[in-house]
Amino acid sequence: MHRVKACFDNTYTRLPEVFYARQAPTPVREPELAIFNTGLAAELGIDLSGLDEAELAAYCAGNRIPEGAQPIALAYAGHQFGNFVPTLGDGRALLMGELVDVHGRRRDLQWKGSGRTPFSRGGDGRSALGPVLREYLVSEAMYALGLPTSRALAATLTGERVFREEPLPGGVLIRVAASHVRIGTFEYFGVRGDLESLRRLTAYVIDRHDPDLADGERPALQLLAAVSRRQAGLVADWMSIGFIHGVMNTDNMSISGETIDFGPCAFMDEYDPATVYSYIDRRGRYAYGNQPAVLQWNLARLAEALLPMIHDVPEEAVAMASEVLTQVPGWYREAWLGRLRGKLGLVGAEPDDLALAEALLALMHAEQADFTNTFRALAGVAAGLAVLPTAFESWRRDWEARLARDPREGLAERLRAANPAFIPRNHQVERALEAAVREGNLTPFRRLHEVLQRPFEDQPEAAAFADPPRVDERIGHTFCGT
Ligand code: AMP
Ligand code: MG
């Protein structure tokens with residue numbers, strides 16, 4: 001019998017038992033691979049030689065456990081839409097173990113939809129196929145777009161039905177992340193006043209993500225600053241491609257600074273800061289334009305949890321943490337401005353650059369222009385191959401005047417490299433998932449996935465994937481389907 005060969009080294013299981021629950025996956029009836037990421041498998045150093053498709057599917061569904069894996073469900077808390085829930089945890093996911101990849105980076109392998117755990121509460125521990133394919137598609141698109149993100153290794157059909165509003169085909173996703181420690185993990189121990197576990201968690205995270213801080217003066221304070229900078233950069237990245245996470249709860253914000261938990265996430269078509277798709281986000285808490293404010297709110301929750309680690313005297317700890325938090329808006333603005341400069345093809349930095357970019361955004365808003373395509377058109381304009389609509393004419397002259405003070409060489413290439421032609425447009429994603437879920441037809445999903453692997457390349461044969469939705473194709477709401 002052949003076995004998946006991979007060198008697991010599971011540091012999280014060496015933490016105290018209060019950090020997790022040991023839990024085996026619940027086998028599924030009829031595993032069948034929908035898609036497997038061979039490139040990522042190679043990067044992870046996983047040896048699949050001699051393994052047939054049925055055996056691989058059995059591993060990917062959780063029916064077989066790779067040698068060296070030690071499945072656990074992680075404990076964490078979280079603020080969901082502003083409300084604190086002291087015990088969330090992995091209710092339908094298991095961390096199988098950690099691999100050190102060929103680049104020497106430690107990565108978590110998590111099976112999502114693998115059955116009930118002690119954290120499942122009323123849930124069935126399963127995932128529907130639609131959300132599994134959505135996460136696969138969007139996380140891999142995010143990777144191709146160059147954003148920090150968890151990756152997808154495999155999506156597997158279970159041959160079982162899950163019951164949401166209706167019976168739906170089930171799926172299991174394997175996702176790969178720098179770690180699965182969230183703001184909510186710190187909150188879990190913070191709310192319990194479990195200082196020893198907080199200390200262990202802080203040391204663990206510093207060792208894993210910020211080893212340079214270990215010998216610093218106040219490692220926990222430095223960690224707060226490091227996480228804040230990372231997440232500020234991440235949200236600036238999201239904003240720069242029109243990404244709306246949809247559930248920026250503190251349990252979905254990774255300490256490593258990667259995008260995780262692609263639930264009802266979506267990409268904006270027309271530029272409008274008030275854009276929100278998630279069906280459960282009726283008040284628009286996590287609307288596109290609110291994400292920087294939520295970032296700040298979430299980091300304040302992290303700071304609260306970390307206070308006892310920052311200083312023994314509570315007032316001192318609060319003062320120090322507040323000092324870090326007041327810098328977050330500046331860190332965010334700096335990151336956002338950097339992304340905008342890139343999108344305008346600017347090399348140097350001038351004081352009016354932000355105003356120039358904001359003027360373009362205001363025009364897009366007024367003209368109901370497509371966010372992605374307007375930026376992408378700048379590359380065409382620079383190459384003399386395209387023109388902007390007349391409403392943008394005066395802005396274009398301002399932009400040209402600003403560009404004249406930068407080196408012109410390579411401008412069109414810079415613009416093409418900063419402004420994708422292809423993003424996972426909601427109507428395309430929905431169409432691909434519908435075909436997979438309703439008809440068992442994975443062809444549209446595979447085609448869309450393929451196009452999104454090269455988002456910055458003009459792909460003439462895929463031009464239709466860059467089109468905004470027609471009125472009748474517009475997606476009003478997305479569901480996380482949990
Ligand atoms: P999410 O919305 O995916 O971030 O999940 C929020 C919380 O609900 C986490 O604790 C999940 O583990 C849990 N959860 C979501 N769906 C299920 C399910 N089908 N079964 C059990 N727990 C779930
Ligand atoms: Mg989550």
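The values are calculated or read from the model by the stated rules, or taken from the named source; none is laboratory data. Source: prediction; values computed, not measured. For neighbour counting, all protein chains shown are included, and Cβ atoms are generated from backbone atoms with ideal geometry for every residue, glycine included. What goes into the accessible areas is simple: the full protein's heavy atoms, side chains included, and nothing from ligands, DNA or RNA. Shrake-Rupley method; radii C 1.70, N 1.55, O 1.52, S 1.80 Å.
Quick one: which of Val381, Val387 is open to solvent by 50 Å² or more (accessible area, probe 1.4 Å) and farther than 20 Å from Arg333 by Cα?
Exactly one residue qualifies, and that residue is Val387.
Give just the number: which of (1) of a type outside the set (Val, Ile, Thr); (2) in contact (Cβ under 8 Å) with a residue 12 or more places away in the chain; (3) open to solvent by 30 Å² or more (accessible area, probe 1.4 Å); (4) more than 22 Å from Phe262 (Cβ to Cβ) does Gln459 not satisfy?
It is condition (3) that Gln459 fails.
Restricted to segment 258-303, and to residues that are farther than 16 Å from Val235 by Cα and within 15 Å of the chain's Cα centre (by Cα), which residue is farthest from ligand 2 (Cβ to nearest atom)?
Pro264
For segment 122-143, state whether one or more residues are open to solvent by 20 Å² or more (accessible area, probe 1.4 Å) and away from ligand 1 (no atom under 12 Å from the Cβ).
yes
Somewhere in segment 311-324, is a residue surrounded by fewer than 14 Cβ atoms within 10 Å (Cβ to Cβ), outside the structural domain of Gly190 (by TED's automatic domain parsing) and part of a helix (DSSP H, G or I)?
So in segment 311-324, the residues surrounded by fewer than 14 Cβ atoms within 10 Å (Cβ to Cβ) come out as 312-316, 319, 322-323.
Pick out the ones that are also outside the structural domain of Gly190 (by TED's automatic domain parsing) and you get none.
No: segment 311-324 contains no residue that is surrounded by fewer than 14 Cβ atoms within 10 Å (Cβ to Cβ), outside the structural domain of Gly190 (by TED's automatic domain parsing) and part of a helix (DSSP H, G or I).
One line per residue, one yes/no per condition, for (1) open to solvent by less than 30 Å² (accessible area, probe 1.4 Å); (2) more than 15 Å from ligand 1 (Cβ to nearest atom); (3) touching a residue at least 40 places away in the same chain (Cβ under 8 Å):
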| site | (1), (2), (3) |
| --- | --- |
| Leu213 | no, yes, no |
| Ser228 | yes, yes, yes |
| Gly242 | yes, yes, yes |
| Pro273 | no, yes, yes |
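If you scan segment 107-125, which residues turn out to be within 15 Å of ligand 2 (Cβ to nearest atom) and closer than 17 Å to Met96 by Cβ?
Asp108, Gln110, Trp111, Lys112, Gly113, Ser114, Thr117, Phe119, Gly125
Taking helices (runs of 4 or more DSSP H) that fall entirely within segment 348-440, which contain at least 2 residues that are at pLDDT 95 or above and polar (S, T, N, Q)?
Qualifying helices (runs of 4 or more DSSP H): 371-382, 426-439.
If I filter segment 185-192 for residues that are outside the structural domain of Phe375 (by TED's automatic domain parsing), outside any helix (DSSP H, G or I) and within 16 Å of ligand 1 (Cβ to nearest atom), do I get at least one hit?
The answer is no, given that none of the residues of segment 185-192 is outside the structural domain of Phe375 (by TED's automatic domain parsing), outside any helix (DSSP H, G or I) and within 16 Å of ligand 1 (Cβ to nearest atom).
Using beta carbons and a limit of 7 Å, which pairs, at least six apart or on different chains, have the first residue in segment 257-270 and under 23 Å from Ser228 (Cβ atoms) and aromatic (Phe, Trp, Tyr) and the second one within 15 Å of ligand 1 (Cβ to nearest atom) and in a loop (DSSP other than H, G, I, E, B)?
Listed by first residue and then by second, the contacts come to nothing, as the list is empty.
State whether the residues of segment 10-33 include one that is hydroxyl-bearing (Ser, Thr, Tyr) and either in contact with a Cys (Cβ under 9 Å, 6 or more places away or on another chain) or part of a strand (DSSP E or B) (or both).
Our first condition is that a residue be hydroxyl-bearing (Ser, Thr, Tyr); within segment 10-33, this holds for 11-13, 20, 26.
Remaining after also requiring either in contact with a Cys (Cβ under 9 Å, 6 or more places away or on another chain) or part of a strand (DSSP E or B) (or both): 20.
Checked segment 10-33: at least one residue is hydroxyl-bearing (Ser, Thr, Tyr) and either in contact with a Cys (Cβ under 9 Å, 6 or more places away or on another chain) or part of a strand (DSSP E or B) (or both).
Any residue that is away from ligand 1 (no atom under 12 Å from the Cβ), open to solvent by 20 Å² or more (accessible area, probe 1.4 Å), touching a Cys at 6+ places or on another chain (Cβ under 8 Å) and farther than 16 Å from Ala154 by Cβ - is there at least one of those in segment 96-103? Write out each step before concluding.
In the first step, residues of segment 96-103 are kept if they are away from ligand 1 (no atom under 12 Å from the Cβ); the result is 96-103.
So of that shortlist, the ones also open to solvent by 20 Å² or more (accessible area, probe 1.4 Å) come out as 100, 102-103.
Okay, now just the ones that are also touching a Cys at 6+ places or on another chain (Cβ under 8 Å), so 100.
Cutting the leftovers down to farther than 16 Å from Ala154 by Cβ gives us 100.
Scanning segment 96-103 turns up at least one residue that is away from ligand 1 (no atom under 12 Å from the Cβ), open to solvent by 20 Å² or more (accessible area, probe 1.4 Å), touching a Cys at 6+ places or on another chain (Cβ under 8 Å) and farther than 16 Å from Ala154 by Cβ.
Could you tell me whether segment 72-86 includes any residue that is open to solvent by less than 30 Å² (accessible area, probe 1.4 Å), of a type in the set (Phe, Trp, Tyr), outside the structural domain of Asp251 (by TED's automatic domain parsing) and more than 27 Å from Thr443 (Cα to Cα)?
Yes, that holds for at least one residue.
Identify, from the list Gly97, Gly91, the residue that is outside the structural domain of Ala305 (by TED's automatic domain parsing), within 14 Å of ligand 2 (Cβ to nearest atom) and touching a residue at least 24 places away in the same chain (Cβ under 8 Å).
Within the list Gly97, Gly91, the selection yields Gly91.
Restricting to segment 176-207, what's the tally of residues that are in contact with a strand residue (DSSP E or B) (Cβ under 8 Å, 6 or more places away or on another chain) and surrounded by fewer than 18 Cβ atoms within 10 Å (Cβ to Cβ)?
Just the residues of segment 176-207 that are in contact with a strand residue (DSSP E or B) (Cβ under 8 Å, 6 or more places away or on another chain), to begin with: 176-185, 187, 191.
Going one step further and asking which of them are surrounded by fewer than 18 Cβ atoms within 10 Å (Cβ to Cβ), we end up with 191.
Residues that pass the stated criteria total 1.
With (1) modelled with pLDDT of 95 or more; (2) away from ligand 2 (no atom under 16 Å from the Cβ) as the list, and Ile255 as the residue in question, which single condition is left unmet?
(2)
Just checking, how many residues over segment 152-187 are within 19 Å of the chain's Cα centre (by Cα) and without any contact (Cβ under 8 Å) to a residue 12 or more places away in the chain? Before the answer, list the steps.
Our first condition is that a residue be within 19 Å of the chain's Cα centre (by Cα); within segment 152-187, this holds for 152-155, 172-185.
Now drop any that are not without any contact (Cβ under 8 Å) to a residue 12 or more places away in the chain, which leaves none.
Adding up the residues that qualify gives 0.
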